Amino acid sequence: MVKIEECQNKSEEELVKLSLADSDWFLCIVQKYEEKLARYIRRISGLTETDIEDVLQEVFIKVYQNLNGFDLDLKFSSWIYRICHNTVISHFRHSQARPQLIMGEDGEKLINNMPDEHDLEKHVENKLTAAEINKILSKLEVKYREVLVLKYLEDKDYREISDILKKPMGTIGTLLNRAKKKFKETAAELAINFQ
Amino acid sequence: MKDISDKILQKIKEKRIKPRPKWQFMAERVLLWSSAILVTIIGSMAVSALIHRVATQDWDIHQYLGRGRLQHILLSLPYLWIGLVCLFIVLAYYNVRETKSGYKYKAYWIVIGSIIVSLFLGTVLYSAKVGKGIDSLLSGKLPPFLQTKQEEIWENPDKGLLGGEVIAREGEVLAVKDFTGEVWAIDIQAVEIPLSLEIKAGDKVKLVGKKTDEHNFQAYAIRFWGQGPFGEFKGFAPHYPKIKGWMIERKPF
């Protein structure tokens, strides 16, 4: 069995190679990403913890099965997030479910991280409650929500978001602007003070 | 969530899940690129047939058919080839999108790129007469509603349009068998035929002129079959620029 300490001085590319040779090494990849991906799934889907665990297992099994297809031109994190994103979308398609809320303090982080081009700092001063933010986000389409989550909660840059969502970088910029606009409009529709 | 690492590893071992072998990913990539190349080649062949059709279509005879210019253009466009070219551009787009880096490009750039490549290759194939070959190969085998028969247009001697095969020539009179099998005596005195060009038995021709009686036709202009105003023989009418591509009459008609 591989020990945690052994994982730490290995690069992700090395871990991929080692996992292909011996599945025990895959534990390092799982441990490195399980929390991040669980949080990501929770943020874009609002699934229950049991469902998140199921989806997460499915993600890691897919990652393991496709290790030989890992594209070295990508960052490993972008590749694994891409698989995770596709699995969540596919889960929604199969279950016909609509993604739900972004929970608690994540909503506040989102607001705090948004640039102030629309005077968003003012809104932060307004102290929108997490509940209000959740309410707004729950009304947004998945495509807007996921881009907001990746940019402002997962702190991914445009290149990474482009690689994860498999969309051109220009489209990501447009999508992000629309998402922010939609966020603002939805706030207005819900009569949440967002000036 | 705590034991998920162990659960996953246990599942991998229990179900004997293995990573897909490298060759499968390679094969997928090869398949994708092969289909992209195939789509590009077939698309370029369709473009070459489209160019051939545009180049050989008689865009300049609308007045004889009693049509307006736009109406004639709309009725003469090779819709089958235009449709096929569009279809192959769409297929090329989806193929490129599926490649490793395809998602990095905006849809319109992929479409513009596909059009440029198809136009370039299509022009090369047209120059090699591939377009002509494909068009004639397919035109006889398509369902009737997809065929645009040029022959029908040239079966209108009353309107001044006659087409057929030269079966004999005597001085300035041609014996032409039209597409219904009727033989006509064609007076070509009024046509200024370049010295470098010889009209002989076996040539298929299109004639613009006037029916003088049941079997006689006065030609004012002649074009070889398979040529149009943008065809290989353009520029024969320096004194009559309105009707390019025709061997032109000495007197205006």
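The values are calculated or read from the model by the stated rules, or taken from the named source; none is laboratory data. Computed from a predicted structure; not experimentally measured. When we count neighbours, we look across all protein chains shown, and the Cβ atoms used for this are built from the backbone with ideal geometry, even at glycine.
Here is how the numbers come out for the structure above:
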{"item": "Boolean, A:Ser90 is at pLDDT 75 or above, more than 12 Å from chain B (Cβ to nearest Cβ) and over 30 Å from B:Arg97 (Cβ atoms)", "result": "no"}
{"item": "Criterion: at pLDDT 60 or above and in contact with a Phe, Trp or Tyr (Cβ under 9 Å, 6 or more places away or on another chain) - qualifying residue of A:Arg98, A:Arg178, A:Arg145", "result": "A:Arg178"}
{"item": "The one condition in (1) loosely packed, with under 14 Cβ neighbours inside 10 Å; (2) at pLDDT 90 or above that B:Asp3 fails to fulfil", "result": "(2)"}
{"item": "Qualifying positions in region B:1-36 - part of a helix (DSSP H, G or I), within 10 Å of chain A (Cβ to nearest Cβ) and of a type in the set (A, V, I, L, M, F, W, C)", "result": "B:Ile4, B:Ile8, B:Leu9, B:Ile12, B:Trp23, B:Phe25, B:Met26"}
{"item": "A:Lys184 vs. criteria outside the structural domain of A:Asn86 (by TED's automatic domain parsing), touching a residue at least 40 places away in the same chain (Cβ under 8 Å) and either of a type in the set (A, V, I, L, M, F, W, C) or surrounded by fewer than 20 Cβ atoms within 10 Å (Cβ to Cβ) (or both)", "result": "yes"}
{"item": "Single match in B:Thr56, B:Thr40 (criterion: modelled with pLDDT of 90 or more and surrounded by 13 or more Cβ atoms within 10 Å (Cβ to Cβ))", "result": "B:Thr40"}
{"item": "The one condition in (1) at pLDDT below 90; (2) closer than 26 Å to B:Ser127 by Cα; (3) buried (at least 16 other Cβ atoms within 10 Å of the Cβ) that B:Val85 fails to fulfil", "result": "(1)"}
{"item": "B:Lys177 vs. criteria of a type in the set (Lys, Arg) and within 14 Å of chain A (Cβ to nearest Cβ)", "result": "no"}
{"item": "Flag for B:Ser48 being touching a residue at least 60 places away in the same chain (Cβ under 8 Å), over 19 Å from A:Pro168 (Cβ atoms), among the hydroxyl-bearing types (Ser, Thr, Tyr) and assigned by TED's automatic domain parsing to the domain that holds B:Leu32", "result": "yes"}
{"item": "A:Lys167, sole failed condition from (1) in a helix (DSSP H, G or I); (2) within 14 Å of chain B (Cβ to nearest Cβ); (3) among the charged types (D, E, K, R)", "result": "(1)"}
{"item": "Tally of residues being touching a helix residue (DSSP H, G or I) at 6+ places or on another chain (Cβ under 8 Å), assigned to a helix (DSSP H, G or I) and at the interface with chain A (Cβ under 9 Å from one of its Cβ atoms) across region B:88-112", "result": "5"}
{"item": "Any helices (runs of 4 or more DSSP H) falling wholly within region A:8-71 and containing at least 2 residues that are within 7 Å of chain B (Cβ to nearest Cβ)", "result": "A:26-45, A:49-65"}
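One line per residue, one yes/no per condition, for (1) surrounded by 12 or more Cβ atoms within 10 Å (Cβ to Cβ); (2) more than 41 Å from the chain's Cα centre (by Cα); (3) under 13 Å from B:Ile89 (Cα atoms):
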{"site": "B:Lys7", "(1), (2), (3)": "yes, yes, no"}
{"site": "B:Ile12", "(1), (2), (3)": "yes, yes, no"}
{"site": "B:Pro19", "(1), (2), (3)": "yes, yes, no"}
{"site": "B:Phe25", "(1), (2), (3)": "yes, no, no"}
{"site": "B:Glu28", "(1), (2), (3)": "yes, no, no"}
{"site": "B:Ser34", "(1), (2), (3)": "no, no, no"}
{"site": "B:Ala46", "(1), (2), (3)": "yes, no, yes"}
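Condition check ((1) in the same structural domain as B:Leu50 (by TED's automatic domain parsing); (2) within 27 Å of A:Met169 (Cα to Cα)) across all residues:
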residue: B:Gly83; (1), (2): yes, no
residue: B:Ile115; (1), (2): yes, yes
residue: B:Phe120; (1), (2): yes, no
residue: B:Ser139; (1), (2): yes, no
residue: B:Asp158; (1), (2): no, no
residue: B:Leu174; (1), (2): no, no
